[in-house]
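A.B. asks: Questions regarding the structure given below will be posed in turn.
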Amino acid sequence: MDLIVNGETHTVRVEPQWTLQYVLSEKLGLTGTKEFCGEGACGACTVIMDGRPVLSCMMLAVECGGRPIETVEGIARSNHPLIDAYIKHSCMQCGFCTPGFVVTAKALLDRNPDPTVDDIKEAMVGNLCRCGTYPAHIKAIQEAAAVLRGGGSRG
Ligand code: FES
Ligand code: FES
């Protein structure tokens, strides 16, 4: 089957029980898409598919053929301002949750270029961080939004 990931088509052989997270991480080497809970509760495995954030641990890879998928690697490669903002505001401690947060935040900014604090909290409600980095994410997302609107700096 063909998986379209970060604009590239990958022809892969998948077993019917394999999740999208497993195929991305173990077969395509896109290890930024983490599995933590494996049951749809933490958001660590979030990718964007068809323009919406989805939990890749809850999707069978066989359901995802031909559908555009964006992972944290694609977001980083595009030099998205979220990356610099996440570093600047120290949004990670252990970092395990961070790719999922970045992907969810990118999906938010794609549909809402000027999110309020409440908009951000609502969008990120499914992303859990055991290290308690939540306040930093809000600052980083608002700063990245300002950069995308042309009103902020990357410094
Ligand atoms: S690993 Fe998918 S939601 Fe936790
Ligand atoms: S930075 Fe450790 S779980 Fe979020």
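Nothing in this text is a laboratory measurement; each read-out follows from the coordinates by a stated rule. The shown structure was predicted, so the numbers you read here are calculated from the model rather than taken from an experiment. Ideal geometry is used to build each Cβ from the backbone, glycine not excepted, and the neighbour counts take in all protein chains shown.
A.B. asks: Pairs of alpha-carbon atoms within less than 8 angstrom and 6+ residues apart define the contacts here; what relative contact order does the chain have, in percent?
C.D. replies: 24 percent
A.B. asks: Among bridges DSSP assigns within the chain, what percent are antiparallel (round to 5)?
C.D. replies: For the chain, the DSSP antiparallel bridge percentage is about 85.
A.B. asks: Also: Once both axes come from the Cα atoms, what is the angle between helix 134-148 and the longest principal axis of the chain, in degrees from 0 to 90, rounded to 10?
C.D. replies: Its long axis makes an angle of about 90 degrees.
A.B. asks: List the GluC sites (Glu not before Pro) within segment 1-57 that DSSP assigns to loop and that have no more than 10 neighbouring Cβ atoms inside 10 Å.
C.D. replies: The qualifying sites are 39.
A.B. asks: Please grab the % of Cα pairs in segment 75-148 that end up more than 15 Å from each other.
C.D. replies: It works out to 45 percent of all Cα pairs.
A.B. asks: Also, quick follow-up: Can you give the charge dipole size of the chain about its Cα centre, rounded to the nearest 20 debye, using +1 on the beta carbon of Lys and Arg and -1 on the beta carbon of Asp and Glu?
C.D. replies: In debye, rounded to 20, the chain gives about 360.
A.B. asks: What is the Cα radius of gyration of the chain over 2.2 N^0.38 Å, N being its residue count? Present the calculation step by step, with values, prior to reporting the outcome.
C.D. replies: On the way: Rg = 15.1 Å, N = 155, 2.2 N^0.38 = 15.0 Å.
It is 1.01.
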